[in-house]
Amino acid sequence: MYYSRSKPQYNGLPASSFQSVRTASAVGDGKTDDTNNLQHVIKSAFAAGKVVYFDSGTYKIMYTLFIPAGTRLVGETYPIIMSSGNVFNDMNNTKPVIQVGNAGQAGQVEWTDMIVSTQGTQVGVITIEWNFAASGTPSGMWDVHVRIGGFAVSNLQVPQCPKTPGNPTVNGACIAAYMLMHVTSSASIIYMENVWLWTEPVAEPYYRLTRKLSPTINWRKHPCIFYSRDQLLAYARP
């Protein structure tokens with residue numbers, strides 16, 4: 001026995017049922033702080049029963065985005081939510097980029113077609129923290145990915161984070177996250193389909209394989225990025 005749930009398409013909803021983050025003054029250029037505008041549109045769309053529509057772009061945020069129960073989010077061509085700044089730089093006081101609900105809270109969320117990432121040094125980042133305990137139909141994530149480094153405004157490319165063979169020293173400027181996803185002990189019943197958690201560097205075993213498959217590509221030209229954990233599933237319920 002297994003459970004599956006089709007990805008929401010929202011094709012039966014009129015255009016008026018969607019609220020675009022760009023119309024709420026979010027810029028999505030990877031430079032402007034979009035935190036307040038994004039949080040405002042998430043809250044207002046939730047209150048109005050609308051789907052939050054993330055137009056294509058890179059949305060820089062300087063503190064945690066909170067996703068309340070009942071929220072539906074969908075992206076256009078995989079928009080990126082990217083953390084930046086000192087709020088996320090304390091390894092002893094970790095902060096989520098996206099916080100889905102509060103601990104002990106019940107509710108449901110639908111989230112599709114987006115990427116969560118970081119910019120530069122972010123030693124205290126948990127990219128996604130999931131707290132909801134759902135009942136009935138599970139919450140779901142479809143085609144939502146965590147991608148660390150390797151794109152233009154990430155500040156985590158080869159010039160900033162070169163490989164240093166034979167040197168065991170960790171480049172602190174290239175510690176890009178603490179954890180990629182934390183499903184907390186209060187959470188339950190979350191459905192995830194095609195959800196990827198990855199960083200840009202190519203691990204050595206993968207390098208050897210890809211060198212055989214694609215010998216003309218220099219797979220060594222990848223940054224050297226550090227983080228502590230991929231995913232922590234702390235929940236005790238199904």
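Within segment 56-74, the residues that satisfy the criterion of being closer than 19 Å to R22 by Cβ and not aliphatic (A, V, I, L, M) are S56, G57, T58, Y59, K60, T71, R72. Selection of first residues in segment 26-52 that are in contact (Cβ under 8 Å) with a residue 24 or more places away in the chain and within 22 Å of G12 (Cβ to Cβ) and of second residues that are of a type in the set (V, I, T) and outside any strand (DSSP E or B), restricted to Cβ pairs under 6 Å at least 6 apart or on distinct chains, gives the following pairs, ordered by first then second residue: F46/T71; V52/I42. If you go through segment 25-35 and pick out every residue that is buried (at least 17 other Cβ atoms within 10 Å of the Cβ) and either touching a His at 6+ places or on another chain (Cβ under 7 Å) or in a strand (DSSP E or B) (or both), you end up with 1.
In this structure, is R22 touching a residue at least 60 places away in the same chain (Cβ under 8 Å) and among the charged types (D, E, K, R)? For R22, the condition - touching a residue at least 60 places away in the same chain (Cβ under 8 Å) and among the charged types (D, E, K, R) - is not met. Is it the case that some residue within segment 36-50 is assigned to a strand (DSSP E or B) and at negative phi? So far as segment 36-50 goes, no, none of its residues is assigned to a strand (DSSP E or B) and at negative phi.
Considering segment 106-125, the residues that are out of contact with any helix residue (DSSP H, G or I) (no Cβ under 9 Å at 6 or more places or on another chain) and without any contact (Cβ under 8 Å) to a residue 60 or more places away in the chain include one that is surrounded by the fewest Cβ atoms within 10 Å (Cβ to Cβ), namely A106. Restricting attention to segment 184-218 and to residues that are hydrophobic (A, V, I, L, M, F, W, C) and surrounded by fewer than 15 Cβ atoms within 10 Å (Cβ to Cβ), the residue that is modelled with the lowest pLDDT turns out to be A203.
Test E129 against the stated conditions and say whether it is of a type in the set (D, E, K, R), under 23 Å from R5 (Cβ atoms), surrounded by fewer than 17 Cβ atoms within 10 Å (Cβ to Cβ) and at pLDDT 80 or above. No. Check segment 162-174 and report whether any residue there is of a type in the set (K, R) and either closer than 21 Å to V87 by Cα or in contact with a Lys or Arg (Cβ under 6 Å, 6 or more places away or on another chain) (or both). No, every residue in segment 162-174 fails to be of a type in the set (K, R) and either closer than 21 Å to V87 by Cα or in contact with a Lys or Arg (Cβ under 6 Å, 6 or more places away or on another chain) (or both).
The values are calculated or read from the model by the stated rules, or taken from the named source; none is laboratory data. What you see is a predicted model; the values in this text were computed from it and never measured. So basically every Cβ, Gly included, is an ideal-geometry build from the backbone, and we count neighbours across all protein chains shown.
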